[in-house]
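Participant: Okay, handing you the structure first.
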Amino acid sequence: DSFDEDDEISILMAKAAQLRAEAAKLEAEKAQSIASAAEKAFKQFDTDNDGEISLEELKKGLEKNLKVELSDKRVKDLMAAFDASGDGKLQQDEFVGVNIFRNKLESLVRDEKESAKQAAEASRKEEEAAKLAEARVNFLNEKLPTSTDKVVSVLPYLFPLLDSLQYARFLLTSEDGTPNPIGIPFLILYTLYRKVPFSGFVAFFAINFLSGNPKLNRLIRFNSQQAIFLDIALIFPGLIFGIAGSALPAIGVELPKIVTEVSSDATFVVVAIAIIYCTVSSLLGVEPNKLPYISQSVDDRMPTLDMFDEKGGFVPRDRREGKDDEKDDDSDKKK
């Protein structure tokens, strides 16, 4: 029985060896057939029989076999894909056959279509971003000021100027209390301003309303805010003079008249210089943002384009910061 089993194993092994030999023969015949077909196709492409296929020969051969018209770029891409030597020509061992050329060509077409799709998507996003930016710019007037804008932008400074005239009484009047020639126009203007009921509150809310109108030019909005801040700053010398005028006499201290006059005059002069600077700068079309402390505070309150969406709606700070973080992450990924 053991001998019979050994015979059966030997027979099976012999059959397996025979099958492997037949398979190897088939593979060899197949490889020989492919090689012969490739050689035949190579000779069809190599029209000048120099043993190499040039770019022009590859183009003509593919167009003839595939029945399509190919662009020079596509043919160059195919050449680059199979030209292992990099000499710009295909040798016998680099030639892969028409079917493989066809598959590669289809792959290149798919890649080109995908690239075109991505380019179109990127173009669409850029167009949307441009429209969004344009919508925001139209909503928030950040353009260069016109001549009218420049003139209108200095008008809010009349508000702090009129309120500062109370500190100019020693400059605008003589020792006997009569107004000097220079001070008469200012005193008339100040008197008319004070005769209007709640003139200060009306001016404050009117200018504050203007500063919050995004349709107005930035220069007008900036100057409106700065005029309000200048006027608010006038509260502090008023408080100091009021406290000094009531508290010091109570403890038996009397300020010399010259101190009161100089302090009052200095307050008016400082405000007047600030207003002159702001007026001249604005008329020249330059934002007057050099006033210490005040200009920076105003600039921090000025709305910017990123504060609004494409419909003009206000975007809360936390949402804006979230978008900024996303942009930073995207830029880090690109790096």
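Participant: Just checking, does segment 23-38 include any residue being surrounded by 10 or more Cβ atoms within 10 Å (Cβ to Cβ) and in a loop (DSSP other than H, G, I, E, B)?
Facilitator: no
Participant: Looking at Asn49, Asn99, can you tell me which residue is within 23 Å of Glu112 (Cβ to Cβ) and among the polar types (S, T, N, Q)?
Facilitator: Asn99
Participant: Residue check: is Lys125 under 30 Å from Pro303 (Cα atoms), in a helix (DSSP H, G or I), open to solvent by 80 Å² or more (accessible area, probe 1.4 Å) and modelled with pLDDT under 80?
Facilitator: Taking the combined requirement at face value, the residue does not satisfy it.
Participant: Which residues, counting only those in segment 97-114, are within 19 Å of Ser36 (Cβ to Cβ) and either touching a strand residue (DSSP E or B) at 6+ places or on another chain (Cβ under 9 Å) or among the polar types (S, T, N, Q) (or both)?
Facilitator: The one that is within 19 Å of Ser36 (Cβ to Cβ) and either touching a strand residue (DSSP E or B) at 6+ places or on another chain (Cβ under 9 Å) or among the polar types (S, T, N, Q) (or both): Asn99.
Participant: Quick one: Lys311 ticks every box in (1) more than 28 Å from Tyr157 (Cα to Cα); (2) at pLDDT 90 or above bar one, so which box is it?
Facilitator: Here Lys311 clears every test but (2).
Participant: Another question about this same structure. Check Asn138, Asn103 and return the single one that is modelled with pLDDT under 85 and over 30 Å from Ser282 (Cβ atoms).
Facilitator: Every option except Asn103 fails the conditions.
Participant: Pairs, please: C-beta under 6 Å, at least 6 apart or cross-chain, first residue of a type in the set (A, V, I, L, M) and part of a loop (DSSP other than H, G, I, E, B) and in segment 166-191, second open to solvent by less than 70 Å² (accessible area, probe 1.4 Å) and at pLDDT 80 or above?
Facilitator: If the second residue must be open to solvent by less than 70 Å² (accessible area, probe 1.4 Å) and at pLDDT 80 or above, the pairs left are Ala168/Phe268.
Participant: Right, another one. For Ala244, indicate whether it is over 32 Å from the mean Cα position of the chain (by Cα), at pLDDT 85 or above and in a helix (DSSP H, G or I).
Facilitator: When the stated conditions are applied, Ala244 does not pass them.
Participant: Sort out which residues of segment 63-80 are within 14 Å of Val109 (Cα to Cα) and either part of a loop (DSSP other than H, G, I, E, B) or not β-branched (Val, Ile, Thr) (or both), and write them in order of number.
Facilitator: Val68, Glu69, Leu70, Ser71, Asp72, Lys73, Arg74, Lys76, Asp77, Leu78
Conditions tested, residue by residue: (1) within 55 Å of the chain's Cα centre (by Cα); (2) surrounded by fewer than 13 Cβ atoms within 10 Å (Cβ to Cβ); (3) in contact (Cβ under 8 Å) with a residue 60 or more places away in the chain.
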site	(1), (2), (3)
Gly252	no, yes, no
Pro256	no, yes, no
Ser263	yes, no, no
Tyr277	yes, no, no
Pro292	yes, yes, no
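Participant: Identify all residues within segment 187-215 that are among the polar types (S, T, N, Q) and either within 21 Å of Val154 (Cα to Cα) or surrounded by 12 or more Cβ atoms within 10 Å (Cβ to Cβ) (or both); write none if there are none.
Facilitator: Ser199, Asn208, Ser211, Asn213
Participant: Show the residue pairs meeting these rules: Cβ distance below 8 Å; 6+ apart or different chains; first residue within segment 82-104 and among the acidic types (Asp, Glu); second residue in a helix (DSSP H, G or I) and modelled with pLDDT under 80.
Facilitator: Correct list of pairs: Asp83/Glu94.
Participant: Filter segment 43-62 down to the residues that are part of a helix (DSSP H, G or I) and of a type in the set (S, T, N, Q) and list them by number.
Facilitator: The answer is Gln44, and nothing else.
Participant: Here's something else I'd like to know. Inspect segment 316-332 for any residue being out of contact with any Leu (no Cβ under 6 Å at 6 or more places or on another chain), closer than 30 Å to Leu132 by Cβ, modelled with pLDDT under 85 and in a loop (DSSP other than H, G, I, E, B) and give the result as yes or no.
Facilitator: yes
Participant: Do you know which of the residues in segment 54-94 that are of a type in the set (Asp, Glu) and open to solvent by less than 40 Å² (accessible area, probe 1.4 Å) is modelled with the highest pLDDT?
Facilitator: Glu57
Participant: Confirm whether Ile184 is surrounded by 11 or more Cβ atoms within 10 Å (Cβ to Cβ) and over 51 Å from the mean Cα position of the chain (by Cα).
Facilitator: Judged against the criteria, Ile184 is a match.
The values are calculated or read from the model by the stated rules, or taken from the named source; none is laboratory data. As the structure is a computational prediction, the values presented were derived from the model and not from experiment. Cβ: placed from backbone, ideal geometry, glycine included. Neighbour counts: every protein chain shown. Remember, those area values only see protein heavy atoms, side chains included, never the ligands or the DNA or RNA. Shrake-Rupley method; radii C 1.70, N 1.55, O 1.52, S 1.80 Å.
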